[in-house]
Amino acid sequence: MNNYLLRDTVLDILIRIEKDNGFSHLLIDNELRKQKIQAKDEGLLTEIVYGTMQYKITLDYYLQNFIDKQKKLDLWVRMLLRMSVYQMVYLDKIPDHAIIHEAVELAKRRGHKGVASLVNGVLRTIQRKGVPSTSLIKDDVKRLSIETSHPEWLVSRWVSTYGYETVEEMCKTNITRKHTAIRIQPLKITRSEAMDRLRQEGYEVSSSTLSSQGIIVEKGNILRSSLFKDGEITIQDQSSMLVGELLQAQPGMQVLDACSAPGGKATHIAEKMLNKGRIDAYDLHKKKAKRIEYKASDLGLSIIHASAQDARSLQETHELESFDRILVDAPCSGLGVMRGKPEIKYHKQEEDIKRLADIQLDILESTAPLLKKDGLLIYSTCTVDAAENEGVVKSFLANNASYTVDKTFFDELPESLKEARGITSYGLQLFPQDEDTDGFFLTRIKRI
């Protein structure tokens, strides 16, 4: 793929993320499959897309001094400028003159001479003068917002909850890429066997300390591995693996996964149960429920029964006190997974968090009565917002005297997490800077 086509594809992906609220990882994967992009170009395409989205607020800060405020730019022109400045500031291997040349060519083909002239002028001025410093911004929250490209309302909200130091570390981590984590299917292969085979295939890997099934892929595209194609491994973040480890599901149990798609946690629980017993897995949408079935099938697991149903109405389908274990991996703002989906931070608003917390509490209130006495329920989210996490658990416990946080949960945490900064009496808040994981919350509730 030549340089022009590569950057044209990047620009298309960026426009779709912005315009259609598309997810970067899905659009990139789709393009890589469709275009038959060479391995040497895959990395650059991914880097420019993710980088431009990760630094969008920062890039707009850099650009504002070089564009007339009265001038209305088409979305594609603004995106072209952002991706070009990203390459000029953050990528060392591509010379500025080549970046500018490709940008001007794209502007000519997509627009007209006037647009090409504007793009050329802005980028050459930035090349000559450099981008403005952020050190002159006096307000700490505003400066952190611009330097790490997080909306100011979000930084301010987090600082009031966790303090500036933790939030600064979190925001800086959010603009870095994390290693891919994978989980072995232990009924097919051991972790040491999987790691040996991956090394033979040229991957650099290490063991996860958070799950006995987890492997960190430090180098290599795991989708090309024979183990992935044979259903002996699946991609799953280490933080999500904690759910399967701490739910304590045993072979023969009846388990409910109330918000299951795409099925990563349900399949992990099935593996822990040695594929014996039954897991009822639900999602609101039929299409997503099908994805749970496909994932189970890929991994050779037969005890998962997936259906489409609202988690808040499961009492219509199941009798009270009918499950030994319940997982409520609640729909959330996703503010813990920005490293893999950077666009999330621009799509969310403060009112979304309040709305989601209400839904999360409703789901918890509706599913908890399905738990047997002495049964265990894990509540988890992939966000770092306290209102969706500790706030929901507090409200639930205040309204339901026959449930309590299971104190043994904290004793069973992996050694590296027993002193984690995010532990409170209500559960564990994992920050992305803690273990090279997603931001994630989980707690275990017991029916007494």
Within segment 77-90, of all residues that are touching a residue at least 40 places away in the same chain (Cβ under 8 Å) and open to solvent by less than 40 Å² (accessible area, probe 1.4 Å), the one nearest to Gly111 (Cα to Cα) is Val77
It is to be established whether one or more residues within segment 365-376 are open to solvent by less than 50 Å² (accessible area, probe 1.4 Å) and farther than 23 Å from Ala249 by Cα. no
Output the residue which, of all residues in segment 155-173 that are of a type in the set (S, T, N, Q) and within 19 Å of Glu350 (Cα to Cα), is most open to solvent (accessible area, probe 1.4 Å). Ser160
Residue that is over 24 Å from Ile15 (Cα atoms), open to solvent by 30 Å² or more (accessible area, probe 1.4 Å) and not polar (S, T, N, Q), where the choices are Leu136, Leu118: Leu136
List the pairs whose first member sits in segment 14-31 and is under 18 Å from Ser333 (Cβ atoms) and open to solvent by 60 Å² or more (accessible area, probe 1.4 Å), whose second member is of a type outside the set (Gly, Ala, Ser) and modelled with pLDDT of 75 or more, and whose Cβ atoms are under 8 Å apart, counting only residues at least 6 apart or on separate chains? Asn21/Glu343; Asn21/His347; Phe23/Ile17; Phe23/Lys341; Phe23/Glu343
From the list Leu44, Leu59, which residue is open to solvent by 30 Å² or more (accessible area, probe 1.4 Å) and under 28 Å from the mean Cα position of the chain (by Cα)? Leu44
Test: residue in segment 298-308 that is among the β-branched types (Val, Ile, Thr), closer than 26 Å to Ile175 by Cβ, modelled with pLDDT of 95 or more and open to solvent by less than 20 Å² (accessible area, probe 1.4 Å): no
Quick one: Arg143 ticks every box in (1) touching a residue at least 12 places away in the same chain (Cβ under 8 Å); (2) open to solvent by less than 70 Å² (accessible area, probe 1.4 Å) except a single one, so which number is it? (1)
Taking into account only those residues within segment 155-185 that are assigned to a helix (DSSP H, G or I) and among the polar types (S, T, N, Q), which is farthest from the chain's Cα centre (by Cα)? Ser160
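The values are calculated or read from the model by the stated rules, or taken from the named source; none is laboratory data. Bear in mind that the values here come from a model prediction, so they are computed numbers and not experimental data. We place every Cβ from the backbone using ideal geometry, glycine too, and count neighbours over all the protein chains shown. With ligands, DNA and RNA removed, areas are computed over all heavy atoms of the protein, side chains included. Shrake-Rupley method; radii C 1.70, N 1.55, O 1.52, S 1.80 Å.
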